[in-house]
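Input: a single structure, listed below in structure tokens.
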Protein chains: 2
Amino acid sequence: MVDTLARMQTPARRYHHGDLRAALLARAEETLRERGPAALSLRELARDLGVSHAAPSRHFKDKQALLDALALDGFERLAATAEASQKGVGDPFAERLRALVRAYVRFAADNAELLDLMYSVKHDPEASQGLLAVAFRWSDHAVALIEYGQRRGEVREGPVTEVALPVFAALHGYADLAVSGMLPPGVLDGGLDEGLDVVLAFILRGSAPGPAAP
Amino acid sequence: MVDTLARMQTPARRYHHGDLRAALLARAEETLRERGPAALSLRELARDLGVSHAAPSRHFKDKQALLDALALDGFERLAATAEASQKGVGDPFAERLRALVRAYVRFAADNAELLDLMYSVKHDPEASQGLLAVAFRWSDHAVALIEYGQRRGEVREGPVTEVALPVFAALHGYADLAVSGMLPPGVLDGGLDEGLDVVLAFILRGSAPGPAAP
DNA sequence: CTCCCATTGTTGACAGCGTCATCATTGTTG
DNA sequence: CAACAATGATGACGCTGTCAACAATGGGAG
């Protein structure tokens, strides 16, 4: 163990890297965050890690495979964030929804480029099975929250997917608009959370029980 | 088909193409639609149009410039579609909103890859001024519609940007989710318009006058 | 009408990229 | 210890975007 640790910290170039796969992913995400997806190059990653230009191919069969792994990691972290957001929150639906929404928007703000990547990978018709599974873990969680609200009588009745759809849409749309700077200037001067309250109130109004709009 | 078209555009290979710029944009959009953004290559475009590999540089200083032009064209068509959607529609806010929303979702469905490009270009901090202007033409139109609804007493009072924000978010979010296949399976079996009705009802409920949700 | 020159297209070069085939080193396991 | 699977290195290939230098075109100025 100590031996392993010492070798990990030693910058001296050993033939075997130790954990090249993880290092590639970490560095790739860093680059993604700092210089955008277009700046991602396998050769540059290899160079940065002091490894030959073809070494990455031992861990990712091609560039897309690395992007997929990056996206999968993102979905896992998103799901974890969503689940963590529900710990230590009160019972009312509004509170729980607020926590979830904040978690999502924060994740989107903190990982804008990664989120982009996650969506574009999912858009790919030949996305891997495991990736889809993890991708839906987060949405399943959201749907479960809607059902919870319905059971408590704080969310209008109806097929849960139908009720969840617009809630989802508003949440995702807000995060996307905010992160990509598509909002009319002046709306977000107070930061993400300001607009979030507005959107949250809107969602609650739209999903609350009561008569349909005229 | 493409062959016929190409021959129609170049009856005989003149030294000067005639309208290479437009031809590049048209072919680029076609490729974007059929094979995605990653398949876009200046050299391939030039090849397809029977022109030398460096000819495009006379019209677009680099690849990004071509993408910008493509995005700008997209925004113009989106704005035109949005404006056209309001012709010959009744007075009630709900009707006008419905027309606008349908137009947007249809555009998104018909131009999914292009829309992606449009948003990613805007995300670029050094997006051109003219591009931003056209990009906001469509959102201005949407904001104007909200104001119209407020004047008619069919939309709740409040700062127009605050009221418009969640409406926008829900609309954009729905289009994005639907187009990128991120919706839980089964929701959209009836096509885009089915989910659209659900979202529309939600938006109307959320933006209607009345007491705030509990 | 002619000549000039800005516009547009061509050719050739360069470095960087992803990918592949082949070879070298390592760590593990029977 | 020896064989073997895993991992890394090297070199090659064709593709890409970009640039510089050169060539054809065509629309005005004289």
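Among the residues of the stretch B:99-115, those identified as touching a residue at least 60 places away in the same chain (Cβ under 8 Å) and of a type in the set (A, V, I, L, M) are B:Val101, B:Val105, B:Ala108, B:Ala109, B:Ala112, B:Leu114, B:Leu115. Is there a residue being aliphatic (A, V, I, L, M), free of Cβ contacts under 8 Å to residues at least 60 places away in the same chain and more than 10 Å from chain A (Cβ to nearest Cβ) anywhere in the stretch B:86-98? Scanning the stretch B:86-98 turns up at least one residue that is aliphatic (A, V, I, L, M), free of Cβ contacts under 8 Å to residues at least 60 places away in the same chain and more than 10 Å from chain A (Cβ to nearest Cβ). Inspect the stretch A:83-90 for any residue being among the hydrophobic types (A, V, I, L, M, F, W, C) and over 30 Å from A:Ala201 (Cβ atoms) and give the result as yes or no. No, the stretch A:83-90 has no match at all. Candidates in the stretch B:48-63 are the residues that are without any contact (Cβ under 8 Å) to a residue 12 or more places away in the chain and more than 10 Å from DNA strand C (Cβ to nearest atom); of these, the one that is most open to solvent (accessible area, probe 1.4 Å) is B:Lys61.
When the residues of the stretch B:12-32 are narrowed to those that are within 8 Å of DNA strand C (Cβ to nearest atom) and touching a residue at least 24 places away in the same chain (Cβ under 8 Å), which ends up nearest to the other protein chains (Cβ to nearest Cβ)? So, considering only residues that are within 8 Å of DNA strand C (Cβ to nearest atom) and touching a residue at least 24 places away in the same chain (Cβ under 8 Å), the one nearest to the other protein chains (Cβ to nearest Cβ) is B:Arg21. Check B:Val51 against each of (1) within 13 Å of DNA strand D (Cβ to nearest atom); (2) among the β-branched types (Val, Ile, Thr); (3) assigned by TED's automatic domain parsing to the domain that holds B:Asp193 and name the one condition it does not meet. Condition (3) is where B:Val51 drops out. Scanning the stretch B:44-72 for residues that are more than 12 Å from B:Arg21 (Cβ to Cβ), of a type in the set (S, T, N, Q) and in a helix (DSSP H, G or I) turns up just one, B:Gln64. Apart from one condition, B:Gly36 fits all of (1) open to solvent by 30 Å² or more (accessible area, probe 1.4 Å); (2) at positive phi; the exception is (1).
In the set (1) away from DNA strand C (no atom under 16 Å from the Cβ); (2) on the phi < 0 side of the Ramachandran plot, the condition left unmet by B:Gly88 is number (2). As a summary of the residue check, A:Arg35 satisfies the conditions (1) within 16 Å of DNA strand C (Cβ to nearest atom); (2) more than 14 Å from chain B (Cβ to nearest Cβ); (3) among the basic types (Lys, Arg) except for the one numbered (2). Of all residues in the stretch A:152-178, those being on the phi < 0 side of the Ramachandran plot, free of Cβ contacts under 8 Å to residues at least 60 places away in the same chain, more than 7 Å from chain B (Cβ to nearest Cβ) and of a type in the set (Gly, Ala, Ser) number 1.
Taking the criterion of being more than 10 Å from chain B (Cβ to nearest Cβ) and hydrophobic (A, V, I, L, M, F, W, C), the residues of the stretch A:133-149 that qualify are A:Ala133, A:Val134, A:Trp138, A:Ala144, A:Leu145, A:Ile146.
The values are calculated or read from the model by the stated rules, or taken from the named source; none is laboratory data. Just so we're clear, the structure is a prediction, and the values are computed from it rather than from any experiment. Cβ sites come from the backbone with ideal geometry, for glycine too, and all protein chains shown count toward neighbours. All accessible areas refer to the heavy atoms of the entire protein, side chains included, with ligands and DNA or RNA removed. Shrake-Rupley method; radii C 1.70, N 1.55, O 1.52, S 1.80 Å.
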